[in-house]
Amino acid sequence: MTTFARMNTTKPPILPVIIGTGFGVGFWPWGPGTAGAVLATMIWAALFPALGLYYTPLLLAFLIVLFTWLGTWATSRLMPYWGDDPKRVVVDEMVGVWIPLLIATNWWSALLALLLFRFFDIVKPLGIRSLDRRQGAFWVMADDLLAGVYSAVVLYLIIIII
């Protein structure tokens with residue numbers, strides 16, 4: 001049975017839509033994944049001056065765990081309406097970019113975290129593509145988690161070299 005044939009034609013429930021679309025940015029027509037990653041970076045930008053170098057990563061770690069769970073739940077609820085890997089679902093990009101932002105220490109490293117994450121998320125090297133090909137709500141999240149890990153490793157190497 002094709003994805004289209006399984007799709008529900010009624011409106012999806014609102015809470016999964018809010019969570020899955022990253023509070024609505026997934027409806028951005030030009031690059032919703034980038035919009036989700038930018039939103040998550042803006043959340044970091046709001047937290048960092050207020051919480052500082054110690055507490056921001058702690059809160060981000062909590063958000064990564066929480067939104068991985070919520071994102072998997074929301075995606076599983078949205079897939080019957082929007083298909084197997086809905087482009088409007090951007091919570092995965094939000095969680096993914098928070099991973100390298102865990103080690104961001106200033107605005108430049110935060111921007112670099114965003115750019116590295118989008119690179120790994122778009123190009124999908126080193127096993128990311130194989131996770132992306134798997135079906136199920138968790139796998140929608142998993143490829144972005146791995147892209148976030150790779151981004152964090154590269155960002156860390158750049159930080160210690162510079």
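The values are calculated or read from the model by the stated rules, or taken from the named source; none is laboratory data. Everything numeric in this text was worked out from a predicted model, so none of it was measured. For neighbour counting, all protein chains shown are included, and Cβ atoms are generated from backbone atoms with ideal geometry for every residue, glycine included. In case anyone asks, the SASA skips ligands and DNA or RNA and just uses the protein heavy atoms, side chains included. Shrake-Rupley method; radii C 1.70, N 1.55, O 1.52, S 1.80 Å.
Between GLY22 and VAL90, VAL91, the built amide H atoms are under 5 Å apart, and every one of these is 5 or more places off in sequence or on another chain. Among LYS87, LYS124, LYS11, whose mean-square fluctuation peaks in a Gaussian network model of the chain (Cα, cutoff 10 Å)? Sorting by GNM fluctuation, first place goes to LYS11.
Return one whole number: the accessible area per residue of region 92-132 in Å², for a 1.4 Å probe. Present the calculation step by step, with values, prior to reporting the outcome.
Working: 1760 Å² over 41 residues.
That works out to 43 Å² for each residue.
What's the ranking of 59-69, 143-153 by average number of surrounding C-beta atoms within 10 Å, highest first? Numbers along the way, then the final one.
On the way: 59-69: 15.8, 143-153: 22.5.
So the order, starting with the most tightly packed, is 143-153, 59-69.
The stretch between ASN106 and ARG129, if pulled fully straight at 0.36 nm per residue, gains 5.2 nm over its current Cα-Cα span. Annotation: Cα Rg of region 68-162 relative to the compact-globule expectation 2.2 N^0.38 Å equals 1.11.
For the chain, the share of accessible area belonging to carbon and sulfur comes to 73 percent (1.4 Å probe, ligands and nucleic acids excluded).
Placing one equal scatterer on every Cα of the chain and applying the Debye formula, the log10 ratio I(q)/I(0) at q = 0.14, 0.16, 0.17 Å⁻¹ is -0.66, -0.84, -0.94.
Once R0 is set to 41 Å, what does the formula 1/(1 + (r/R0)^6) return for the Cβ-Cβ distance between LEU157 and THR10, expressed as a FRET efficiency to the nearest 0.05? Spell out each step's value before the answer.
Numbers: r = 48 Å, r/R0 = 1.18.
The pair LEU157/THR10 has a calculated efficiency of 0.25.
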